Structure formats: C-alpha cells, structure tokens
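The values are calculated or read from the model by the stated rules, or taken from the named source; none is laboratory data. Quick caveat: nothing in here was measured; it's all calculated off a predicted structure. Glycine also receives a Cβ, built like all others from the backbone with ideal geometry; neighbour counts cover every protein chain displayed. For the accessible areas, the whole protein counts, side chains as well, though only heavy atoms, and no ligand, DNA or RNA atoms are used. Shrake-Rupley method; radii C 1.70, N 1.55, O 1.52, S 1.80 Å.
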Amino acid sequence: MKRRLLLYGILVFLVIWPVYQIYEMAAGHAEKEDAGKLLYQVSLFQMELLGSFMQDADKKDTGALNDLRQALYTANFTHEHLVLAYGEDQLTPLSGLSHLMQYVIRLQIGGNRPMRSEESQAMLEARKLFAEMYDAYSKLLSSHNEIVASQNERLIKADKAMQELLRKKLLQ
C-alpha cells in the first residue's frame, strides 16, 4: 500500500511539474522581466549616446547637427518602447525629446549656417535639462527590474522643463 501510494505521488509530481513549467513559460513572467531589463539597458545606452552628442551641439553650425538628430530619434524610439514594456502608469513618455528633435530640424531647415547666439543658448539650456533627465534615467530601474517612482518623478519634472523651454523657442 505504501509503495503504491509513493508511486502515485511520484506520478502526480511528474505530471503536475511539467504542466506548471509550461504554464510559467506561456505566461512569460521571467522573460518579460528580462526583456524589460535588456530594453532598459539599450535605452540607457541611447540616452548616454545622446548626451555625448549634446555636449557640442551649442558650438556647431546647423549642418553638423545630423548626428544629434539621429541620436535623438533612436533615444526617443527606444524610450517609447520601454514605456510600452512597462506601461505609462509606471514610466512617463518623454515629449521633451520630440520637442528637441523638432527644434533641431527647424534649425536645419535653413541650410548649413552658423548657429545664432540665441540658438546656441537654447541648446545649452537643453543640454543642462537633459543632464538632469539622464541622471534620473540612469537610476530609473531597481535591482528587481521595476521602475523607481521617485526617479520617474524627476524625469517628469525635467521633461516638462525641456518641453516648456523648447515650446517657447519653437513659437518664436
């Protein structure tokens, strides 16, 4: 009797364990977290790359802003996908990056020319705001692969400041 009960116990375990593994794989909990972390790492790299292009953006002529425009596009693209992965309730979209891209395109519409002092000043202010955004962005993901709400709030604040700055510049 004990032997038969033990055999049934092992049989139940051998049936339930694979079913549980298939359920976990289908639900994709662990894979989603890993994918979110990897997407965050890519997005952080793109933000870092954007920051390096912004360092000299106020000292160039408008034709030399192509690399900055490309970095803006890729950083914005990866961040939008990160927002899709984590949800807008946890992570804010960055409209300031879109405004900055519009501003760079507006500067380039006139062709290759030296940047005026007010344009250079606007790029310098945008660089300072982006530095704040990047600092918050670099601390955005916790060790448990969750969005840190306080850093998201810092990101929202810096993004709104960049939007306001560039909205005024775009309306001039």
*If you compute Kirkwood radius over Cα pairs in Å for the structure shown, which of [x] 19.9; [y] 17.3; [z] 18.5 do you land on?*
[z]
*Taking the chain as the reference, fit the longest principal axis to its C-alpha atoms, fit the long axis of helix 149-171 to the helix C-alpha atoms, and give the angle between the two in degrees, 0 to 90, nearest 10.*
30 degrees
*Name the residue farthest towards the positive end of the dipole of the chain from the options 73, 55, 163, assuming +1 on Cβ of Lys and Arg, -1 on Cβ of Asp and Glu, about the Cα centre.*
73
*Within the set of other residues whose C-beta is less than 12 Å from the C-beta of residue 112, count the net charge using Lys and Arg as +1 and Asp and Glu as -1.*
+1
*Using only Cα atoms, find the angle between the long axis of helix 29-54 and the longest principal axis of the chain, and express it within 0 to 90 degrees, rounded to the nearest 10.*
20 degrees
*Cross-link pairs beyond the 23 Å C-alpha cut-off, checked among 37/139; 59/169; 128/168; 139/168*: 139/168
*Relative to the longest principal axis of the C-alpha atoms of the chain, give the angle of the C-alpha long axis of helix 95-109, reported between 0 and 90° and rounded to the nearest 10°.*
40 degrees
_Accessible solvent surface per residue of the chain, calculated while the other protein chains remain in place, 1.4 angstrom probe, Å²_ = 62 Å²
